[in-house]
Amino acid sequence: MCGIVGAVAQRDITPILVEGLKRLEYRGYDSCGVAVYAAGVPEGSLQRARSTSRVAELEAQVAAEHLAGYTGIAHTRWATHGAPITDNAHPHVSQDRHGRDRIALVHNGIIENHEELRAELQGLGYVFVSQTDTEVIAHLVNHLYHDDLFDAVQQAVKRLTGAYAIATFCRDEPQRVIGARQGSPLVIGVGQGENFLASDALALAGTTDQIMYLEDGDVVDLQLQGVWIVDDQGQPVQRDIRTVQAHTGAAELGPYRHYMQKEIFEQPRALADTLQDIEAITPELFGDKAYSVFKEIDNVLILACGTSYYAGLTARYWIESIASVPVNVEIASEYRYRTSVPNPRTLVVTISQSGETADTLSALKHARRLGMTHSLTICNVATSAMVRECELAFITRAGVEIGVASTKAFTTQLSALYLLALSLAQVKGKLSEEQEANSIKALRHLPVALQAVLALEPQIIAWAEEFAAKENALFLGRGLHYPIALEGALKLKEISYIHAEAYPAGELKHGPLALVTGKMPVVTVAPKDELLEKLKSNMQEVRARGGELYVFADGNSQIGSEDGVHVIRLPEHYGQLSPILHVVPLQLLAYHTACVRGTDVDKPRNLAKSVTVE
């Protein structure tokens with residue numbers, strides 16, 4: 001969600017901090033700021049700049065104020081505690097007894113006991129100028145500071161309840177930055193005579209590719225000559241250095257208006273990359289231990305949020321019908337807070353684009369505490385926390401996804417989940433050689449089939465012109481395509497701000513039909529499958545109430561356009577993989593509707609890309 005960048009060097013690191021924030025803009029934010037130790041001022045001083053505009057405005061402010069320094073931290077904030085105003089923007093500072101800024105600190109996450117700590121610190125004379133939980137940490141570190149910032153942070157984090165990634169420096173200890181993490185990502189970039197930290201390795205692309213990933217409870221001391229880490233017990237530890245090539249080229253828009261449009265059209269390539277090395281269906285696609293794990297389990301529990309949750313709902317149909325393994329799909333943010341009945345023979349599957357989704361990580365740890373130790377993640381980032389936490393993993397190859405509304409990450413997740421269904425079926429003796437061969441052939445044809453669907457864009461643009469004037473919409477699907485209707489509704493409301501809801505089409509008569517009027521467009525996902533005739537009856541219910549139907553049908557589904565029924569035909573029916581094709585026109589409909597309405601497509605209001613707080 002929020003972005004952190006920090007550095008200790010023998011050169012002016014202000015451009016590095018600002019560039020790092022630019023690389024993290026896609027995550028979403030509503031304010032930003034930078035603080036540096038300015039050695040050129042007599043006795044040295046802590047200087048900062050903050051903005052409630054974009055990073056480009058902060059960059060101009062930094063230049064105008066001639067901010068420069070060898071030590072510093074920077075941050076993009078997505079508001080949690082307190083409105084997006086300058087006083088609440090990071091970095092936050094705490095002053096010495098002479099009223100001079102001494103501690104600067106940035107923070108991702110949420111401190112749950114901030115009110116208790118705030119009251120204690122106010123009693124000690126600290127004055128708060130923001131509504132944030134982050135300022136509490138800054139004052140707490142200052143209170144505990146006695147000439148050793150590393151020791152002060154170690155003491156401070158023991159007082160914190162909640163999730164955090166912290167970066168801080170002190171005016172009295174130039175060229176030293178301290179970081180700490182608990183439930184929120186933080187990485188270290190190792191350089192030559194300089195060191196860096198960030199919430200995402202992408203922020204350090206072009207600066208260093210030598211990356212260390214901190215573990216929960218770690219506190220790190222960055223200095224010019226090295227990096228020192230202690231764990232949650234205060235014991236010195238070493239974390240492996242990995243060479244990470246951050247893909248920055250994906251940030252170029254090229255001929256597209258928005259990143260979301262670019263990423264919609266990248267889906268054939270993303271699927272081809274994800275499936276390129278797959279010559280046979282084998283559990284080893286998910287890790288060396290996968291065969292023994294799949295052999296042992298008799299149940300699957302899928303944990304995910306948002307779009308990834310809808311991918312999980314789709315996977316339930318595949319896994320149960322292909323592998324005959326029962327599946328439960330849980331919203332991660334709800335699962336850990338309810339009493340459930342654990343089964344130790346369960347495979348816990350987490351789905352996350354970033355691999356850092358706080359709710360999903362917490363749900364995974366909760367499942368493990370309940371005794372469900374077998375875990376697998378489907379993720380787009382090989383170096384993420386979720387991959388490190390899980391026993392097995394499948395890494396999709398969607399590439400960097402910048403638009404907040406997920407597109408190519410979703411379709412590559414679906415392809416991975418289909419492979420999971422096939423692999424489970426093979427291990428359980430449910431997959432014949434003919435089925436395997438046909439499935440691989442269908443998967444390999446997906447990129448070509450998607451190109452044909454993308455060619456429908458001009459027809460979808462015409463629909464978008466009509467949708468842009470609406471304020472409400474219904475989406476319908478049946479069976480395997482009900483989750484796709486859910487995803488289509490989510491996309492429309494995320495970026496166009498049109499209220500949209502999705503229902504299984506058979507549920508219309510149990511309540512939602514009351515909403516249907518001529519002013520309510522009803523989008524219907526209508527592949528030519530075994531439920532098509534049932535779906536046609538549900539569509540007649542809509543027409544009988546004067547509703548306007550917008551139908552995405554297959555070429556041979558025999559649904560004709562007529563008054564009140566608008567039809568766009570996909571080139572072919574794609575069997576069990578049809579959801580991967582049918583979601584793409586729904587993405588395009590949402591995108592072009594948002595364009596007509598003039599919304600900020602890539603950065604929709606109130607939303608962020610990687611949700612790393614609960």
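The values are calculated or read from the model by the stated rules, or taken from the named source; none is laboratory data. All of these numbers come straight from a predicted model, not from anything done at the bench. Because the Cβ atoms are built from the backbone with ideal geometry, glycine has one as well, and the counts that use them run over all protein chains shown.
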In segment 127-177, which residues are within 23 Å of residue 69 (Cβ to Cβ) and part of a helix (DSSP H, G or I)?
134, 135, 137, 138, 139, 141, 142, 149, 150, 152, 153
Residue 535: within 18 Å of residue 314 (Cβ to Cβ), crowded, with 23+ Cβ neighbours inside 10 Å and not assigned by TED's automatic domain parsing to the domain that holds residue 585, yes or no?
no
Yes/no for residue 421 being closer than 18 Å to residue 293 by Cα, touching a helix residue (DSSP H, G or I) at 6+ places or on another chain (Cβ under 7 Å) and surrounded by 22 or more Cβ atoms within 10 Å (Cβ to Cβ)
yes
So, restricting to helices (runs of 4 or more DSSP H) that lie completely within segment 456-555, which ones have at least 3 residues that are free of Cβ contacts under 8 Å to residues at least 40 places away in the same chain and either small (Gly, Ala, Ser) or touching a Leu at 6+ places or on another chain (Cβ under 7 Å) (or both)?
532-544
Only residues that are part of a strand (DSSP E or B) and touching a Lys or Arg at 6+ places or on another chain (Cβ under 9 Å): list them for segment 199-226, please.
210, 211, 212, 213, 219, 220, 221, 222, 223
Among the residues in segment 395-413, are any over 23 Å from the mean Cα position of the chain (by Cα), in contact (Cβ under 8 Å) with a residue 40 or more places away in the chain and outside any loop (DSSP other than H, G, I, E, B)?
no
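Residues checked against (1) farther than 25 Å from residue 290 by Cβ; (2) surrounded by fewer than 23 Cβ atoms within 10 Å (Cβ to Cβ):
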{"residue": "425", "(1), (2)": "no, no"}
{"residue": "439", "(1), (2)": "no, yes"}
{"residue": "460", "(1), (2)": "yes, no"}
{"residue": "472", "(1), (2)": "yes, yes"}
{"residue": "475", "(1), (2)": "yes, no"}
From 291, 309, residue being in contact (Cβ under 8 Å) with a residue 60 or more places away in the chain and either assigned to a helix (DSSP H, G or I) or of a type in the set (Lys, Arg) (or both)
291
Only one of these conditions is not met by residue 360: (1) more than 30 Å from residue 257 (Cα to Cα); (2) over 12 Å from the mean Cα position of the chain (by Cα); (3) not in a loop (DSSP other than H, G, I, E, B). Which number is it?
(2)
Which number in (1) of a type in the set (S, T, N, Q); (2) without any contact (Cβ under 8 Å) to a residue 12 or more places away in the chain; (3) within 30 Å of residue 25 (Cβ to Cβ) marks the one condition that residue 593 misses?
(2)
Determine if segment 205-219 includes at least one residue that is under 30 Å from residue 360 (Cα atoms), modelled with pLDDT of 95 or more and in contact with a Ser or Thr (Cβ under 8 Å, 6 or more places away or on another chain).
no
Pairs under 8 Å by beta carbon, first residue among the hydroxyl-bearing types (Ser, Thr, Tyr) in segment 179-193, partner not in a strand (DSSP E or B), six or more apart or different chains?
184/199; 184/356; 184/358; 184/612; 184/613
Quick check on this structure: which one of 501, 507 is at pLDDT below 95, within 25 Å of residue 591 (Cβ to Cβ) and among the charged types (D, E, K, R)?
501
Could you figure out which of (1) free of Cβ contacts under 8 Å to residues at least 24 places away in the same chain; (2) surrounded by 16 or more Cβ atoms within 10 Å (Cβ to Cβ); (3) farther than 26 Å from residue 76 by Cβ isn't true of residue 125?
(2)
Among (1) more than 16 Å from residue 417 (Cβ to Cβ); (2) crowded, with 24+ Cβ neighbours inside 10 Å, where does residue 302 come up short?
(1)
Quick check, is residue 196 assigned by TED's automatic domain parsing to the domain that holds residue 24, at pLDDT 95 or above and over 27 Å from the mean Cα position of the chain (by Cα)?
no
Kindly provide the set of residues from segment 100-126 that are in a loop (DSSP other than H, G, I, E, B) and out of contact with any Ser or Thr (no Cβ under 9 Å at 6 or more places or on another chain), ordered by number.
124, 125
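For segment 1-87, which fully contained strands (runs of 3 or more DSSP E) count at least 1 residues that are within 27 Å of the chain's Cα centre (by Cα) and among the charged types (D, E, K, R)?
It comes to 45-51, 71-77.
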For segment 567-611, the count of residues that are at pLDDT 85 or above, over 22 Å from the mean Cα position of the chain (by Cα) and not in a helix (DSSP H, G or I) equals 7
Taking the condition part of a loop (DSSP other than H, G, I, E, B) and either modelled with pLDDT of 90 or more or of a type in the set (Lys, Arg) (or both), does residue 97 pass?
yes
Just to check your reading of the model, which residue among 188, 211 is assigned by TED's automatic domain parsing to the domain that holds residue 15, surrounded by 24 or more Cβ atoms within 10 Å (Cβ to Cβ) and under 31 Å from the mean Cα position of the chain (by Cα)?
188
Does residue 371 qualify as being without any contact (Cβ under 8 Å) to a residue 60 or more places away in the chain, assigned by TED's automatic domain parsing to the domain that holds residue 398 and closer than 30 Å to residue 202 by Cβ?
no
Among 343, 328, which is the only one that is within 19 Å of residue 427 (Cβ to Cβ), outside the structural domain of residue 109 (by TED's automatic domain parsing) and surrounded by fewer than 20 Cβ atoms within 10 Å (Cβ to Cβ)?
343
